[in-house]
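Written below as structure tokens is the structure these notes are about.
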Amino acid sequence: MATETTNTAPAAPSATTAEITPLPAFSPDLYQRAWASIPHPSLPLIATCHAHSVTVFSLSTLSKHSVLTGGHTRSVRSAAWQPPRGKVSGKEAKRLRLVTGSFDTTAGVWTWDQGRREERLEREIRLQSGEDNKEAEEEEEAEDEWELTLVLEGHENEVKSVNYSPSGQYLATCSRDKSVWIWEDVGNPNPSSEEEEEEEEEEDEDEWETVAVLQEHDGDVKAVAWCPDVPGRKGKYAPPRRYGDDVLASASYDNTVRLWREDGDGEWVCVAVLEGHEGTVWGVAWEGRPKENDKYPRLLSWGADEVIRVWSLKEPEEEEHREGAAGGGNNPWGFGVPNTMRRSLKEEWECTAVLPKVHKGDIYSVAWSTETGLLASVGSDGVLALYQETANTTGKTEENETNGDAPMITSAGGWEVLTTVKGAHGPYEINHITWCKRYDAGSERKGEEEMLVTTGDDGVVRPWQVRIQ
């Protein structure tokens, strides 16, 4: 269930200014349409999907690190890095895996070559100093290897998006066949001791099982995204124990966003349908760091109607929350009763903001910074836009004239436009944007400073420096 709220009080002006400047593009150019670039959560690597391949670039050198090829017969549309499955003595699990989603209807699980993995990844960190020998670098590149260890089959049409849950236990895939599949990693359980971790490293098997096939969308499912593991996800305003902690969002050609959770009987159910878009919803993204730690993370959606919406989980009434959290035989949601006979397991979400309208065409991608809370968007018009949330969450809009064009809304719904870049990839459409850490030689705070990376139809993967004053 979703509702929309509207405020009319005047918005407070902001003195914040921003400047976005291009950095040297990743090399080499791909010379073909590139769909998305996905940064590794902790290593200086970023994976770009294009044609039948994925090129992994180094964020230290802004150059090619390795290539995943030979596993798909049609375009690779999306990719996701698997989070480390558990920690032992504060040390992250060592596996490096990437999953790819392709128009050939399959998802592929890739593993970095075991013999070279640790040495190469340590080298990526050292490259920050710029002291490595180029000849040694070329020699190591020739030995790089990714292995396709598993192909996940089941979708009837193109796989549009893949995404791992925060723990890495679950993988979600979606397709033009109108379905969302949830897979569970049953071959690599979390180790609880150093001995178990060593045993797992030796076995290192890829085994996934399908745990749910969700078919409630009425159209092509464009994207899936798991809610990150942030404090608000399990805080006092989180849904009661009738659900598991993991929540998945899906965006569709049917103009809706759906939210999915695992219920008390281990079945994945749709708990909310978010309506309001007047065209295809191209994507969804969760708030990576809620402004208030006890609040549940908000959700973004965007699409063909040129609109970006912010959704918030409506806080339950205190009495209802206690009743739902109590569990037991009197649970009003009827666990143990067949799914078709239960009361509806619904959550109330409301659209709490609509961002200022900037784009004149489909919005393909929006990225939400976990460090600053800034939003960045790109789309079919080639514009890159940067937004900031204002202190006063109101709905009054302000307009600025723009070089003979129609007025551009610069403030609305508690958000304002800080700056825009027109023709960020020349005349080409921009398919994806992401925030990631900087490790290159020009960074003043390696591993801490953020930059934007855009990916376009021109085959260019372009980093951008963002300065806020």
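The values are calculated or read from the model by the stated rules, or taken from the named source; none is laboratory data. Note that this is a predicted model, so its numbers are computed, not measured. Cβ sites come from the backbone with ideal geometry, for glycine too, and all protein chains shown count toward neighbours. Quick note on the areas: whole protein, heavy atoms, side chains included, nothing else; ligands and nucleic acids left out. Shrake-Rupley method; radii C 1.70, N 1.55, O 1.52, S 1.80 Å.
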Legend entry - Accessible area, probe 1.4 Å, largest first, for residues E448, E267, E158: E448, E267, E158
Inset, instruction - Rank-order 301-307, 419-425 by packing density, defined as the average count of other C-beta atoms within 10 Å over each peptide's residues, highest first. - result: 301-307, 419-425
Legend entry - Hz values of 3J(HN,Hα) by residue in segment 356-368 - Karplus curve (6.51, -1.76, 1.60), Gly and Pro given as x: x, 7, 10, 7, 10, x, 4, 8, 8, 7, 9, 10, 10
Inset, instruction - On the full set of protein chains, 1.4 Å probe, figure out the accessible area of R74 and give it in Å² to the nearest 10. - result: 110 Å²
Inset, instruction - Ignoring everything but the protein chains, give the 1.4 Å probe accessible area of V67 in square angstrom, nearest 10. - result: 60 Å²
Legend entry - Cleavage-rule hits (GluC sites (Glu not before Pro)) in segment 345-385: DSSP loop, at most 13 neighbouring Cβ within 10 angstrom: E371
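Let's test the formula: R0 of 25 Å, r as the Cβ-Cβ distance of V211 and L148. What FRET efficiency results, to the nearest 0.05?
Once the sixth-power term is evaluated, E becomes 0.65.
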Inset, instruction - Amide H neighbours of S66 under 5 Å, at least 5 residues apart or on other chains, H built in the peptide plane: list them. - result: V56
Legend entry - For segment 14-77: rounded, prolate or oblate by the Cα gyration tensor [a/c cutoff 1.5]: prolate
Inset, instruction - List, in the order given, every pair from K160/K357; K291/K437; K314/K346; K178/K222; K160/K360; K178/K346 whose Cα-Cα distance in the structure shown is over 19 Å. - result: K160/K357; K291/K437; K160/K360; K178/K346
